[in-house]
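Here is the structure we will look at, set down as C-alpha cells.
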Amino acid sequence: MTSINNFCKPPCCKDRLKVPAKRKKSAQAPSQTKDPETSPSPVTPAEERESDGRHGGQAELDPLKPGDGTWNISDFQVTAAEGKTRFQDLPLPLSVMHAIADLGFEYCTPIQAETLPSSLAGKDIVGQAQTGTGKTAAFLITLLVHLLTNKPAAGKQRLSMPRTLILAPTRELVIQIVKEAQELDKYCRLKVAGVYGGVDYQEQRLLLSSEAVDIMVATPGRLLDFQRQGIIKLKKLEIFVIDEADRMLDMGFIPDVRRIVSNAPDKEARQTILFSATISADVKRLASQWTKNAIQVEIAPEQVAVDSVEQIFYLTTAEEKYTLLYNVITTLDLKRVMVFVNRRDETKKLTDHLKRNGISCAMLSGEVPQKRRIATLEDFRNGKIRVLVATDVASRGIHIDGVSHVINYTLPFEPENYVHRIGRTGRAGAAGISISFACEEGSFHLPEIEEFLGRELKCVYPDSSLLVPPPRGTKAPGSTSRPGRKKRRPHPSGRRPKNRN
C-alpha cells in the first residue's frame with residue numbers, strides 16, 4: 001500500500017479480528033513479502049472477477065510479483081463451524097483474503113458477521129460495538145472491497161477529493177485505524193491518509209497535495225481546517241464512516257461533524273456506516289439524520305471486554321493505595337501494565353512516585369504533546385516502559401499486545417469507562433486481569449458499575465504482603481517534601497551558610 005500518513009510509526013492494532021488461528025506459510029519469500037511498497041499491483045477488480053477471484057470455493061490464483069510464486073485460497077483452509085462465519089464465506093477479493101490469511105484469523109467476530117453481508121452490499125449500517133469487537137476491520141474490509149470493485153477511470157481521481165472518509169474522535173484512534181488499514185491493504189495498493197492535529201501542519205498539507213487519497217482517516221478539527229482552505233473537498237465521497245459517535249457527542253464534536261456532513265454528498269448518494277459503543281437517544285437521532293434505511297446491529301458493550309478478563313476489587317484506604325499499587329507491580333513482577341486514574345494531575349504525581357521507586361513508567365494524558373504520546377506508546381509497546389499511567393484518553397482506541405494487567409488506581413466516574421479500561425487487556429482471545437482499588441471515595445461508584453455489568457462484584461481485602469511499605473526514599477502520595485533528603489538545620493545567625501566548595 002502507498003500511504004501518505006508518514007508523520008509517525010503507527011502502533012500495532014489488534015482491535016480488528018478477534019479469533020486467532022495458526023498461520024500458514026505463504027509461497028512468497030519472507031524477504032520480499034515484508035515490504036508491500038515494493039510489490040507490483042495485484043490484479044484489477046475486473047481481472048479478479050473474470051478469474052472468479054471472489055470466494056465461493058472456486059478461487060483462482062492471485063498473481064503477485066514474478067518469481068514470488070502465487071497464493072491461492074486453498075492455502076488458507078478453515079473448517080466450517082456451526083454458528084460461525086468464515087471470511088471465505090463472504091464475497092472478498094483474493095487480495096483482501098490474502099491479507100486476512102497473513103494476519104492468521106479465520107472466523108468473523110459477531111459484529112463482523114452481522115454487518116459485513118449488508119455493508120458489502122452497499123447498505124447503511126448503524127452498529128453498537130466498542131473497541132475490541134472487530135468493528136474497525138468490519139468497516140475497513142467494506143471500504144477496501146468497494147474501492148477495488150469500483151475503481152475510477154484513469155486520470156479522473158482528484159488530489160483534493162478522497163473517495164472514502166473515516167471520522168474518529170481522537171488522534172490515537174486515527175493512528176490505530178491507519179495501522180489496521182495498512183495491514184488489510186497489504187496487497188491492494190490503495191492510498192491511505194491520516195489527518196489529525198499534533199503534527200506539522202505544512203508537512204501534512206504537502207503530503208495531502210502530492211497524492212490522490214482512497215481512504216482518509218481524520219479527526220474533525222484538522223479535517224475542517226483543511227476543508228476551509230480548500231485542500232480537502234468531500235464532493236466525491238462514496239462511503240462515510242463515523243466511528244465512536246457517542247464519544248464524538250461527549251467531546252462536543254457534533255457541531256464539527258455536522259459541518260463535515262453538510263459538505264459531503266447527500267445521504268442518498270453515499271453509503272454511511274456509524275458505530276457507537278452506546279446507542280443513546282441522541283445517537284439515534286443523529287443516525288436517523290445521517291443514514292438511510294440503515295441496518296441496525298447491536299453487540300452488548302459489556303460482554304466483549306468483561307468475559308475474557310478476571311476482575312479483582314481490593315478494599316483499601318486512600319493512604320494505602322500507593323503501597324498496594326507498588327506491591328502488586330513488584331510482587332507479581334508485572335512487565336506490561338496500564339494504570340488508570342481520573343485526572344491529569346494524578347498521572348504526573350503517580351508517575352513521579354513510581355519512578356522514585358525505580359519502576360520504569362511514563363504517563364499518557366491529554367496534556368502530553370502528540371509526538372510525545374506517540375513515542376510513549378511505542379516505548380510501552382516495545383517493552384522499554386513497564387508501567388503506563390493514563391487517564392481515560394487511553395481507555396479507547398489504544399491497542400497494545402501483551403498488556404497482562406489493568407489497574408484502576410481510581411475507579412472511573414462513568415461505568416462505561418470501566419469497561420473500556422479493562423478492555424485494554426484480555427484482547428484477541430488472550431486472558432487478562434483487572435485490579436481495582438475501592439477506597440472510601442471510589443466505593444461509591446461500585447453500584448453503578450455493577451448495574452451496568454449486570455453482575456455483583458465481590459470486594460476483598462488485600463493480603464498483608466501487599467501492604468508492606470515501599471523502600472525508603474520514596475515520597476508518600478500527597479507529600480510535598482522531596483524524598484531521600486534531610487532538612488537543613490537553621491544557621492545560628494538565621495542566614496543560609498555560604499557554599500564552601
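Each value in this text was obtained by applying a stated rule to the coordinates, not by laboratory testing. Note that the coordinates shown come from a computational prediction; the quantities given were computed from them, not determined experimentally. As a convention, Cβ positions derive from the backbone with ideal geometry for all residues, glycine included, and neighbour counts pool all protein chains shown.
Data table
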quantity: Whole-Hz ³J(HN,Hα) from phi, Karplus 6.51 cos²θ - 1.76 cosθ + 1.60, for region 284-296, glycine and proline x; calculated: 4, 5, 5, 4, 5, 7, 9, 10, 10, 6, 5, 7, 8
quantity: Which listed pairs, of 355/384; 335/384; 151/235; 151/292; 335/371; 123/191, have C-alpha distances above 19 Å, in listed order; calculated: 151/292; 335/371; 123/191
quantity: Listed residues 317, 370, 338: farthest to the positive end of the dipole of region 303-372 (Cβ charges); calculated: 370
quantity: Linear extension gain, residue 431 paired with residue 343, 0.36 nm per residue minus alpha-carbon span; calculated: 28.9 nm
quantity: Ordering of 181-193, 260-272, 111-123 by burial proxy (mean other Cβ atoms within 10 Å per residue, highest first); calculated: 181-193, 111-123, 260-272
quantity: Relative pair counts by distance (%), Cα atoms of region 303-467, 5 Å bins; calculated: 1, 9, 19, 24, 22, 15, 7, 2, 0
quantity: Potential extension, residue 459-residue 292 segment - 0.36 nm per residue separation minus Cα distance; calculated: 55.4 nm
quantity: Spin-label model distance (nm) - residue 472 vs residue 259, 7 Å beyond Cα toward Cβ; calculated: 6.0
